[in-house]
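Working notes, structure below.
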Amino acid sequence: MILLLETATLNCSVALARPDGTLVGNRDESAEKHQHAERLHVLIDALLRECGVAKRDLTAVAVGNGPGSFTGLRIGTSAAKGICAGLGIPLVAASPLQALRHRGLQEHPELDAKQVVPAIDARRMEIYTLGPDGHPEACIVDTDFRTDLGTGPALLIGDGAAKCANVLQGATSDWTCLEAWPTAKDLLPEALSLLAAGHNVNVADHEPHYLKDFIPGRPKDPLGLQTPST
């Protein structure tokens with residue numbers, strides 16, 4: 001049984017899945033401020049009881065690797081490492097940004113992956129998103145950001161979507177903004193791929209991807225959404 005933990009935002013999220021990808025159960029709890037330190041282990045224990053699973057039956061843990069809230073990521077990573085160290089099971093680190101993209105594609109199957117732009121709030125007028133190479137990066141949400149998106153269609157999904165909607169307001173392009181949190185169950189596709197490939201992280205040394213080194217700038221087409229001219 002795989003335990004999945006996602007704590008990068010105000011949503012404290014846990015899920016259980018079988019190695020064949022069957023979701024067994026999940027729990028999500030959100031609040032106006034972080035309560036992960038008080039609630040994460042409570043949610044884990046409650047989900048295990050609800051699903052009739054003993055902690056010793058866990059075979060792997062997948063944890064959201066960031067970027068996101070520094071505090072939330074530390075709490076989720078610490079819990080995941082503690083469980084894996086105690087049980088001697090593998091740990092994989094999955095992306096909450098990829099989880100949001102996966103959710104967006106499920107809800108809008110008419111779009112392709114490039115048209116689903118995850119947006120995790122990075123405070124002020126910044127978001128964390130995925131660049132053209134699929135790696136996380138920080139991005140300033142301003143009028144240039146609107147230009148980077150092109151004419152769409154495109155879906156912006158995440159708890160940073162609201163600030164994007166404000167910038168995109170009044171534009172004529174075909175964009176949709178969906179406020180959502182990454183959830184543990186949406187980490188599952190990437191977690192299964194990582195486990196199958198043996199891409200476990202070192203339990204003792206693993207640290208989340210905080211993406212601390214934010215450098216303001218305007219790289220051309222940072223989201224990789226522009227269509228090359230012919």
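Overview of values
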item: Test for LYS55: is it touching a Gly at 6+ places or on another chain (Cβ under 9 Å), surrounded by fewer than 16 Cβ atoms within 10 Å (Cβ to Cβ) and under 24 Å from ALA204 (Cα atoms); result: yes
item: Pair list, Cβ < 9 Å and 6+ apart or interchain, from the range 101-119 residues that are outside the structural domain of ALA8 (by TED's automatic domain parsing) to residues that are of a type in the set (Asp, Glu) and exposed (fewer than 13 other Cβ atoms within 10 Å of the Cβ); result: LEU105/ASP112
item: Any pair with Cβ under 9 angstrom, 6 or more apart, that starts in the range 194-206 at a residue that is not assigned by TED's automatic domain parsing to the domain that holds ALA80 and ends at one that is of a type in the set (Lys, Arg); result: VAL203/LYS81; ALA204/LYS81; HIS206/LYS81
item: Condition met for ALA197 (modelled with pLDDT of 95 or more and over 16 Å from GLY66 (Cα atoms)); result: yes
item: Scan of the range 73-94 for residues that are in contact with a Leu (Cβ under 8 Å, 6 or more places away or on another chain) and within 25 Å of PRO19 (Cβ to Cβ), ordered by number; result: GLY76, ALA79, ALA80, LYS81, ILE83, CYS84, LEU87, ILE89, PRO90, VAL92, ALA93, ALA94
item: Hits in the range 1-45 - residues which are of a type outside the set (Asp, Glu), in a helix (DSSP H, G or I), at pLDDT below 95 and surrounded by fewer than 16 Cβ atoms within 10 Å (Cβ to Cβ); result: ALA37
item: Flag if LYS185 is within 16 Å of the chain's Cα centre (by Cα), surrounded by 14 or more Cβ atoms within 10 Å (Cβ to Cβ) and basic (Lys, Arg); result: yes
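Per-residue answers, yes or no, for (1) more than 18 Å from the chain's Cα centre (by Cα); (2) closer than 18 Å to SER95 by Cβ; (3) not charged (D, E, K, R):
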| position | (1), (2), (3) |
| --- | --- |
| ARG18 | yes, no, no |
| HIS36 | no, no, yes |
| ILE44 | yes, no, yes |
| PHE70 | no, yes, yes |
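Condition check ((1) surrounded by 15 or more Cβ atoms within 10 Å (Cβ to Cβ); (2) modelled with pLDDT under 85; (3) within 16 Å of the chain's Cα centre (by Cα)) across all residues:
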residue	(1), (2), (3)
GLY104	yes, no, yes
LEU111	yes, no, no
ALA119	yes, no, yes
ALA122	yes, no, yes
MET125	yes, no, no
ASP142	no, yes, no
ASP148	yes, yes, no
GLY158	yes, no, yes
ALA161	yes, no, yes
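The values are calculated or read from the model by the stated rules, or taken from the named source; none is laboratory data. What you see is a predicted model; the values in this text were computed from it and never measured. With ideal geometry, Cβ positions are generated from the backbone for all residues, glycine too; neighbour counts draw on all protein chains shown.
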